[in-house]
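Here's the structure, in structure tokens; my notes come after.
The values are calculated or read from the model by the stated rules, or taken from the named source; none is laboratory data. Not measured: the values here are computed from a predicted model. So basically every Cβ, Gly included, is an ideal-geometry build from the backbone, and we count neighbours across all protein chains shown.
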Amino acid sequence: MRLSELLAYDNIVIQCHDNPDADTIACGFGVYLYLKSKGKEPRLIYGGQNVIRKTNLVMLIRDLKIPIEHVDYLHKPELLVMVDCQYHSGNSAVFEAEHIAVIDHHRICTELPELSEVRSNLGACSTLVWNMLKTEGFDVRGNRELSTALYYGLYTDTGSLTEIVHPLDRDLRDEANFDPAIMRKLRNANLSLEELEVAGAALLHTDYVEEFRAAIVKVGQCDPNILGLISDLVLEVDAIDICVAFNLQPEGVKFSVRSCVKEVKASELAAELCKGIGSGGGHLEKAGGLIPMELMTQEYLKFCKEHHFAPRMEYDAQGRHEQPAASGIKSVIEQRMRDYMGNTDIVYAQDCRIEAEDAKTYCRRSVPWGYVRATDLFAEGTQVTVRTLQGDMKATVEAGIVFIIGPKGECFFRNEEAFMEEFRIYTDWKFDLRNAEYEPTIKDVEKGIIVEPMKCAKVCVPKGTTIVRARRLERKVKLFRDKDENEQYTLGRVGDYMVDSSDTINNIRIMRKDLFEEIYRDSGEQEEQKSVIFDLDGTLLYSLEDLKNATNAALESQNMPTCTLDQVRRYVGNGVRMLMVRAVPDGEKNPKFEETFAEFKKYYGEHCLDHTKPYPDIMHLLTELKARGVKTAIVSNKLDSAVKELDERFFRGYMTTAIGEMEGVAKKPAPDMVQKAMKILKTDTKKAIYVGDSEVDIQTAENTGLPCVSVMWGFRDAEFLRKNRGTYSKTTGIVVLNLKVMVSYNQHTRTGEKRWKKEFQDIQGYLH
């Protein structure tokens, strides 16, 4: 959803959740100002029994002039926009409205309306609203009150910026034009006398885990920021290196993590505590997270069953739902802490070598990557920070350094020599990330200038000759670059890979399992070479104009009625003879048919290239398929000589073979021509797909046993294709280099739904 979609409504109310915090207020304020800037007159409200009295929130509303109202009743608006909460979620009053919209960063807990934008991977809803405003071109930096509000919303929801995980959170943190004076006042107004008492009570009930010099602290109901203050204080104790402080919030178990030893990153411990049941992260020394109570309850009951404990349960503050007692939550946290810090090997890259008997060799797959030369973005000597979904890394721009972007947006640097040795480059082919959650950015540290490398990134494809040695981890590993006490480490989990490669510092690195297996293949296995067989007219080439002109020239020579472009469109698909059978009155029964057909062939032979050309982006598609090692061929019912001439003219260097109508080989929809092409391609039905634009192509694929991709830009429309294919699977739009294709799949080529899903994924694999 985009904020601009809200402009279709007039009577708009923006609702924060009950007992508002800084995040929901800031989000509501952002949406309010956007709608006001577009001429709307929205209201900003919250419901519930309690009026805002917390000192920092009163100050926030007063100093930033936020027009929020507390209401008990709301006359049914045309549109109700929920911010930082969801309709009927339990933490916000339920008001009737004609339409509902949701903007939130919590887990989906109710059925979402059509108008919704939920990003549960973000640290704060303020980040989401900030990004939505930027998408609409709204000048957030130019509005200091709003910038300050959104920054403070992020600040409070991420434990004073210590629990930031997503790069968009980091972007807001770094780019917000906030008022430092107001921020100081807000930060200094966080702790009330009541919360001081809560902190004191928590410190009296600290559990100490001597084995790991760790403390676990249960904190009573309070503002989440208090957890960080308590954790910081506990870490002052000389016997404690690690602290986890937690309490129960309406949305679940909120916790803060602190570490003062290099062997334990607070961010990783937070992530491990939340693994599979919540979200957590942050910085090296300070981090935090949230575990929804429903998932914590499930994890606790599982823990009790495994350890043969009787569950210790209690009702929530409202007395409606059972949940684990504080001691039970402590048990889960301690167990996960032990799982993280125990059974973990410490490895120093400078001392480590992966021996051949302990590992296998791998080479890179032929998957497109992106590249940008560093000096094309910044001057030599510039200190930069590269921001990716995996985190930030610092570098110095030097001559000959190439910035490389992986398929998932991961980034690294290569020198020119190594880069040219490892990759084939395509200077005229723009690189596009697919299915990447965040596109990398590069920031000039001194000037603050941010560059988006994707705007100028070109494609490079691994040559497949780069060999690495790797072994799959059977235990957790903390990999240090060297023995410097201040050096950070990389955590490798069970199933991840330790890679020995000459292109990295000290040759050793850790790679996530999914990323490694996407990029590398076992060197002992041949990379599966896939094939795509294309129809020609209406699929690769727009030739309709020349076919119409040749048809009408032949008809006019015999004083026969001519055809419109749309008529010719309907007649093509079974070869040029069948085109003329349909165009000539009475077809082959007409005594002048053969003479007319001969005139067609003569005219078309002389004028077949007057208007014929590839469809937009077809060459781009063929370039990508070639770069990926996919073999391609043409099979057409057009005369073989014409097919080969057109292949030579437009597709030289791309097609392995081009086959047209010839004696002794049955035309499409018979499978003979396609089978001939498959023999030349040295492929089979498991490694090939067929692409066409007509019912003839659908039947051809069916007769050959191939999955069929029917394109919507050719001689038949989507509705016609649906009607001409028996049982029609759900139409799916796939965008491939700006080409929209429709997956058309006949029932006879599959056995059951599982087969269909697998082969559909295979089709996607060819084109993505």
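Among the residues of the range 407-416, how many are without any contact (Cβ under 8 Å) to a residue 24 or more places away in the chain and surrounded by 19 or more Cβ atoms within 10 Å (Cβ to Cβ)?
0
Which residues, taken from the range 613-633, are not basic (Lys, Arg) and not in a loop (DSSP other than H, G, I, E, B)?
First, the residues of the range 613-633 that are not basic (Lys, Arg): 614-625, 627, 629-630, 632-633.
Residues satisfying the conditions are PRO614, ILE618, MET619, HIS620, LEU621, LEU622, THR623, GLU624, LEU625, ALA627, THR632, ALA633.
Give me the pairs, please: first residue somewhere in the range 366-390 and in contact (Cβ under 8 Å) with a residue 12 or more places away in the chain and among the acidic types (Asp, Glu), second residue anywhere and surrounded by fewer than 16 Cβ atoms within 10 Å (Cβ to Cβ) and part of a loop (DSSP other than H, G, I, E, B), beta-carbon distance under 8 Å, and either six or more positions apart or on two chains.
ASP376/CYS456; GLU380/GLU398; GLU380/ALA399
With respect to LEU555, is the statement that it is surrounded by 19 or more Cβ atoms within 10 Å (Cβ to Cβ), assigned by TED's automatic domain parsing to the domain that holds ASP693, of a type outside the set (Lys, Arg) and assigned to a helix (DSSP H, G or I) true? Give the steps one after another, and end with the answer.
Values: surrounded by 19 or more Cβ atoms within 10 Å (Cβ to Cβ): yes; assigned by TED's automatic domain parsing to the domain that holds ASP693: no; of a type outside the set (Lys, Arg): yes; assigned to a helix (DSSP H, G or I): yes.
In short, no.
Here's a check for you: in the range 578-612, which residue that is modelled with pLDDT under 90 and not in a helix (DSSP H, G or I) is surrounded by the most Cβ atoms within 10 Å (Cβ to Cβ)?
CYS608
If you scan the range 70-102, which residues turn out to be hydroxyl-bearing (Ser, Thr, Tyr) and either surrounded by fewer than 17 Cβ atoms within 10 Å (Cβ to Cβ) or in contact with a Ser or Thr (Cβ under 7 Å, 6 or more places away or on another chain) (or both)?
Kept after step one, since they are hydroxyl-bearing (Ser, Thr, Tyr), are these residues of the range 70-102: 73, 87, 89, 92.
Selection gives TYR73, TYR87, SER89.
Kindly provide the set of residues from the range 256-281 that are of a type outside the set (A, V, I, L, M), at pLDDT 85 or above, under 18 Å from TYR489 (Cα atoms) and surrounded by 23 or more Cβ atoms within 10 Å (Cβ to Cβ), ordered by number.
ARG258, SER259
Of all residues in the range 266-290, how many are out of contact with any Gly (no Cβ under 9 Å at 6 or more places or on another chain) and within 16 Å of ARG336 (Cβ to Cβ)? Before the answer, list the steps.
Start the filter on the range 266-290 by keeping residues that are out of contact with any Gly (no Cβ under 9 Å at 6 or more places or on another chain), which leaves 275-277, 283-285.
Applying the additional criterion that residues be within 16 Å of ARG336 (Cβ to Cβ) yields 275-277.
Of the residues in the range 266-290, 3 are out of contact with any Gly (no Cβ under 9 Å at 6 or more places or on another chain) and within 16 Å of ARG336 (Cβ to Cβ).
Going through the range 240-253 one residue at a time, which ones are at pLDDT 85 or above and surrounded by fewer than 24 Cβ atoms within 10 Å (Cβ to Cβ)? Outline the logic, then answer.
Step one: list which residues in the range 240-253 are at pLDDT 85 or above, which gives 240-248, 252-253.
Result: ILE240, ASP241, ASN247, LEU248, GLY252.
I'm checking my understanding of the structure. Among residues of the range 643-672 that are assigned to a helix (DSSP H, G or I) and in contact with a Leu (Cβ under 9 Å, 6 or more places away or on another chain), which one is surrounded by the most Cβ atoms within 10 Å (Cβ to Cβ)?
LEU646
Being surrounded by 14 or more Cβ atoms within 10 Å (Cβ to Cβ), among the basic types (Lys, Arg) and either within 33 Å of the chain's Cα centre (by Cα) or on the phi > 0 side of the Ramachandran plot (or both) is the filter here; which residues of the range 284-343 pass it?
Matches in the range 284-343: LYS286, ARG336, ARG338.
Out of (1) closer than 25 Å to VAL477 by Cβ; (2) without any contact (Cβ under 8 Å) to a residue 12 or more places away in the chain, what's the single condition that is false for ASP238?
Of everything listed in (1) closer than 25 Å to VAL477 by Cβ; (2) without any contact (Cβ under 8 Å) to a residue 12 or more places away in the chain, ASP238 misses just condition (1).
Sort out which residues of the range 420-472 are in contact with a Cys (Cβ under 9 Å, 6 or more places away or on another chain) and at pLDDT 90 or above, and write them in order of number.
PRO440, ILE442, PRO453
Can you pull out every residue in the range 161-178 that is assigned to a loop (DSSP other than H, G, I, E, B), touching a Lys or Arg at 6+ places or on another chain (Cβ under 9 Å) and crowded, with 18+ Cβ neighbours inside 10 Å? Reasoning before the result, please.
Restricting attention to the range 161-178, the residues satisfying the condition of being assigned to a loop (DSSP other than H, G, I, E, B) are 161-166, 176-178.
If we keep only those that are touching a Lys or Arg at 6+ places or on another chain (Cβ under 9 Å) too, we end up with 161-164, 166, 176-178.
If the condition is that a residue be assigned to a loop (DSSP other than H, G, I, E, B), touching a Lys or Arg at 6+ places or on another chain (Cβ under 9 Å) and crowded, with 18+ Cβ neighbours inside 10 Å, then LEU161, THR162, GLU163, ILE164, HIS166, ALA176, PHE178 are the ones that fit.
Quick check on the range 613-638: of everything there that is in contact with a helix residue (DSSP H, G or I) (Cβ under 7 Å, 6 or more places away or on another chain) and surrounded by 19 or more Cβ atoms within 10 Å (Cβ to Cβ), which residue is farthest from ASP537 (Cα to Cα)? Show your work before the answer.
Let us first name the residues in the range 613-638 that are in contact with a helix residue (DSSP H, G or I) (Cβ under 7 Å, 6 or more places away or on another chain), namely 614, 630-636, 638.
So of that shortlist, the ones also surrounded by 19 or more Cβ atoms within 10 Å (Cβ to Cβ) come out as 630-636, 638.
Working: VAL630: 21, LYS631: 19, THR632: 16, ALA633: 14, ILE634: 10, VAL635: 10, SER636: 8, LYS638: 8 Å.
Going through the qualifying residues, I end up with VAL630.
Among the residues in the range 198-213, are any among the basic types (Lys, Arg) and at negative phi? Break it down stepwise before answering.
First pass over the range 198-213, keeping only residues among the basic types (Lys, Arg): 213.
Subsequent filtering for residues that are at negative phi retains none.
Looking through the range 198-213, none of the residues is among the basic types (Lys, Arg) and at negative phi.
Condition first: free of Cβ contacts under 8 Å to residues at least 40 places away in the same chain and surrounded by fewer than 18 Cβ atoms within 10 Å (Cβ to Cβ). Can you find one or more residues in the range 688-710 that meet it?
no
Within the range 202-217, identify whether any single residue is in a helix (DSSP H, G or I), buried (at least 18 other Cβ atoms within 10 Å of the Cβ), more than 32 Å from the chain's Cα centre (by Cα) and not assigned by TED's automatic domain parsing to the domain that holds VAL445, and answer yes or no.
Of the residues in the range 202-217, the ones in a helix (DSSP H, G or I) are 202-203, 210-212.
If we keep only those that are buried (at least 18 other Cβ atoms within 10 Å of the Cβ) as well, we get 202, 212.
Filter once more, so that each one left must be more than 32 Å from the chain's Cα centre (by Cα): 202, 212.
Adding the requirement that they be not assigned by TED's automatic domain parsing to the domain that holds VAL445 leaves 202, 212.
Yes, the range 202-217 has at least one match.
If you go through the range 369-406 one residue at a time, how many are surrounded by 18 or more Cβ atoms within 10 Å (Cβ to Cβ) and not in a strand (DSSP E or B)?
Residues that pass the stated criteria total 7.
Against the condition assigned by TED's automatic domain parsing to the domain that holds THR685, without any contact (Cβ under 8 Å) to a residue 24 or more places away in the chain, closer than 20 Å to ALA701 by Cβ and hydrophobic (A, V, I, L, M, F, W, C), how does ALA670 come out, does it pass? Explain how you work it out, then say what you get.
Working: assigned by TED's automatic domain parsing to the domain that holds THR685: yes; without any contact (Cβ under 8 Å) to a residue 24 or more places away in the chain: no; closer than 20 Å to ALA701 by Cβ: yes; hydrophobic (A, V, I, L, M, F, W, C): yes.
In short, no.
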